[in-house]
Amino acid sequence: MKNFDYSQTFLKALEAGRPPNVKKLFPNSRALIVSGKVIDRAMLQKGKAIALAANARNHVIIRGVLAAAQKANSALIIEIARSEGGANAYCAVNYWNMARQVDAVMNELGITVPVAIHADHYGIKSQKDIDPARVEIPTLFESGITSIAIDASHMPDDENLLASINLNEFVPAWAGLETEVGEIKGKFGLSTEKEALFLIQGLNARNIFPDWIALNNGTTHGIEESGAGIQVDLTASIHKAVAPYKVSGAQHGTSGNSSARLREIAQKTRSTKANVATALQMISWGVKVNDYGNAQLDEGGHFIKEANKGASQALWQKMLDFAAEKGWKAGDFKKLNLPFENKILGQPKAIRERMAAGVEDFTYNLITNVFNAKDTADIALELILAANSHDLGPKVGRIEDPADWTEEKIREKAKIFGTDKGPKGDFDD
């Protein structure tokens with residue numbers, strides 16, 4: 001480890017702020033890996049600020065976003081979704097090695113901003129997923145995860161709530177917790193105030209207090225193909241409805257939404273977390289994107305590789321050839337992450353550094369000029385020192401009467417919803 005000049009304030013926060021799983025895994029580390037709660041509270045305290053939640057689909061993304069956060073003095077979330085980095089991953093970065101990679105890079109580069117390690121979209125798509133999840137979720141925290149999204153939004157509202165209750169015992173009380181209502185389907189099956197309240201109230205009755213709620217508010221995952229995007233007014237109205245429960249918003253599917261719309265989300269809603277995935281992948285490869293990270297296509301519908309950016313031209317051609325052999329179209333290119341990770345890491349240092357630098361430049365602009373998260377690292381350190389603990393506790397206590405939220409009553413309440421869930425299909429996490 002290099003001999004970096006760490007401040008006394010940082011060292012005190014390092015001692016108090018790292019959760020027990022992180023201390024056990026990395027006893028000699030000087031990486032301030034913290035609970036997701038710390039990141040959420042820092043954004044709330046600054047006001048109208050959103051933490052970048054960067055999906056680490058490859059190693060150079062980790063390096064780039066950490067450098068950007070350090071430059072901006074911003075608290076940060078690094079995450080991977082179950083589809084990206086779970087048991088059937090299409091990325092080499094996964095639930096079980098992400099914390100180790102982040103810790104190593106933070107120590108290597110002398111990164112002092114606080115970083116949460118988030119298991120995003122831990123998807124529960126049917127009842128048969130629950131028992132395996134009860135086995136697997138503890139392994140995530142054993143591997144350094146400090147925050148998780150239990151996402152059972154693919155199921156009916158009552159099953160979503162009951163699955164979230166069932167699995168909560170495997171989430172440490174100190175960890176960040178995200179819940180979700182409404183499967184991400186773009187303009188279809190938009191979330192409602194009634195659905196969000198049902199989920200948050202039912203959890204509150206069981207002494208479960210999520211830090212974030214994710215919605216289907218009009219956005220999509222992956223490459224945005226329509227101009228609809230995030231519905232800010234819908235998001236604001238749902239956040240207002242759940243305000244008594246002090247839950248913040250988690251904004252999914254930001255790639256493809258303009259900077260102006262993302263600023264509006266920061267200014268008009270209670271969002272404190274914004275997921276950025278596809279944009280970072282494309283920028284790391286050197287694909288041409290617009291100012292808000294949506295990949296640009298030529299007249300033939302093919303990605304435009306920029307010269308002297310991202311991966312080498314030779315490697316990019318190999319990626320194109322591989323995709324062509326598989327019959328993959330633009331939206332399938334995310335599957336290139338796993339077979340090409342080692343090839344990316346095997347490029348010359350100058351190439352790897354320019355890949356990370358592209359990610360750094362893009363995310364620095366997002367953090368400072370779009371999400372208003374500059375200098376939230378200092379706020380996070382203050383929160384840790386004030387609590388003198390890694391555990392900031394819940395933002396609210398129990399409001400709901402548990403007698404009104406038995407399993408029987410949960411199922412009865414859900415029957416009267418009749419909400420539009422949109423078309424069925426394989427909507428990606």
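Just to check I understand the Karplus step: with θ = phi - 60° and J = 6.51 cos²θ - 1.76 cosθ + 1.60, what whole-Hz values come out for segment 312-325, glycine and proline as x?
5, 4, 5, 5, 4, 5, 4, 5, 4, 5, 4, 5, 5, 4
Name the long-range amide H neighbours of Ala116: under 5 Å, sequence gap of 5 or more, or other chain; modelled H, no Pro or chain starts.
Here the answer is Val34, Leu76, Ile77, Ile78, since their amide H atoms fall under 5 Å of that of Ala116.
Past the 17 angstrom mark, what percentage of all C-alpha to C-alpha distances in segment 264-353 do you count?
On the way: 2149 of 4005 pairs.
Across segment 264-353, Cα pairs with separations above 17 Å total 54 percent.
Per-residue counts of other Cβ atoms within 10 Å, averaged by peptide: what ranking do you get for 84-97, 34-47, highest first? Write down the numbers at each step before the final one.
On the way: 84-97: 19.5, 34-47: 25.1.
Ranking, from highest mean packing down: 34-47, 84-97.
Would you calculate the separation in nanometres between label points at Lys24 and Ser7, each defined as 7 Å from the Cα along the Cα-to-beta-carbon direction?
Roughly 3.2 nm, to one decimal.
Which far-off residues, 5 or more places away or on another chain, put their amide H under 5 Å from the one on Ile213, with H placed in the peptide plane?
For Ile213, whose amide H was placed from the backbone, the distant partners under 5 Å are Thr179, Ser248, Gly249, Ala250.
Using θ = phi - 60° and the Karplus form 6.51 cos²θ - 1.76 cosθ + 1.60, what ³J(HN,Hα) does each residue of segment 121-129 get, whole Hz, x for Gly and Pro?
Working through the residues one at a time gives 6, 6, x, 10, 9, 7, 4, 5, 7 Hz.
Going by how many other beta carbons lie within 10 Å of each one, how would you line up Leu11, Leu25, fewest first? Kindly include the intermediate steps, with their values, before the conclusion.
Working: Leu11 13, Leu25 17.
With the fewest neighbours first, Leu11, Leu25 line up as Leu11, Leu25.
Which value at 222 nm does the chain reach when only helices count, each DSSP H run of 4 or more adding -39,500 (n - 2.57), with the total divided by all residues and rounded to the nearest 500 deg cm²/dmol?
-13000 deg cm²/dmol
With a ≥ b ≥ c taken as the square roots of the eigenvalues of the C-alpha gyration tensor of segment 300-349, please select rounded if a/c is under 1.5 and otherwise prolate if a/b is larger than b/c or oblate if it is not?
On the way: a/c = 2.17, a/b = 1.31, b/c = 1.66.
It comes out oblate by the Cα gyration axes.
Among Ala295, Ile410, Ile399, flag the residue with its Cα farthest along the positive direction of the charge dipole of segment 278-417, charges on Cβ as +1 for Lys/Arg and -1 for Asp/Glu.
Looking along the dipole axis, the top candidate is Ala295.
Would you work out the relative contact order for segment 301-429, in percent, from Cα pairs under 8 angstrom that are 6 or more residues apart? Spell out each step's value before the answer.
Working: 33 pairs, mean separation 26.2, N = 129.
Rounded, it is 20 percent for segment 301-429.
Once every Cα of segment 43-122 carries one equal point scatterer and solvent is ignored, give the base-10 log of I(q)/I(0) from the Debye formula at q = 0.16, 0.21, 0.25 Å⁻¹, two decimals.
Log10 of I(q)/I(0), two decimals: -0.56, -0.90, -1.16.
Based only on other Cβ atoms within 10 Å, what is the fewest-to-most ordering of Arg63, Arg57, Arg352? Let's see the in-between values first.
Numbers: Arg63 25, Arg57 28, Arg352 18.
Arranged by neighbour count, lowest to highest, Arg63, Arg57, Arg352 become Arg352, Arg63, Arg57.
Which value in Å does the Kirkwood hydrodynamic radius of the chain take, with 1/r averaged over all unlike C-alpha pairs and then inverted?
Numbers: mean 1/r = 0.0464 Å⁻¹.
The Cα-based Kirkwood calculation yields 21.5 Å.
Over segment 108-180, how many percent of alpha carbon pairs lie in each 10 Å bin up to the one with the longest distance?
20, 50, 21, 7, 2
Just want to confirm a number: the relative contact order over the chain, from Cα pairs under 8 angstrom separated by 6+ residues, in percent. Provide the component values of the computation, followed by the final result.
Working: 883 pairs, mean separation 102.9, N = 429.
Averaging sequence separation for qualifying contacts and normalising by length gives 24 percent for the chain.
Given charges of +1 on the Cβ of Lys and Arg and -1 on the Cβ of Asp and Glu, with all other atoms neutral, how large is the dipole of the chain about its Cα centre, in debye to the nearest 20?
860 debye
What net charge is computed for the residues neighbouring Ala53, neighbours being all others with C-beta under 9 Å from the C-beta of Ala53, Lys and Arg scored +1, Asp and Glu -1? Show your work: numbers first, answer last.
Working: positive: Lys273; negative: Glu79, Asp120.
Summing Lys/Arg as +1 and Asp/Glu as -1 gives -1.
When the convex hull of the C-alpha atoms of segment 236-317 is computed, what volume per residue in Å³ does it have?
104 Å³
Only the coordinates and a few stated rules stand behind these numbers; no lab work does. All values derive from a computational prediction rather than experimental measurement. Quick reminder, even Gly has a Cβ in these numbers, built from the backbone with ideal geometry, and neighbours come from all protein chains shown.
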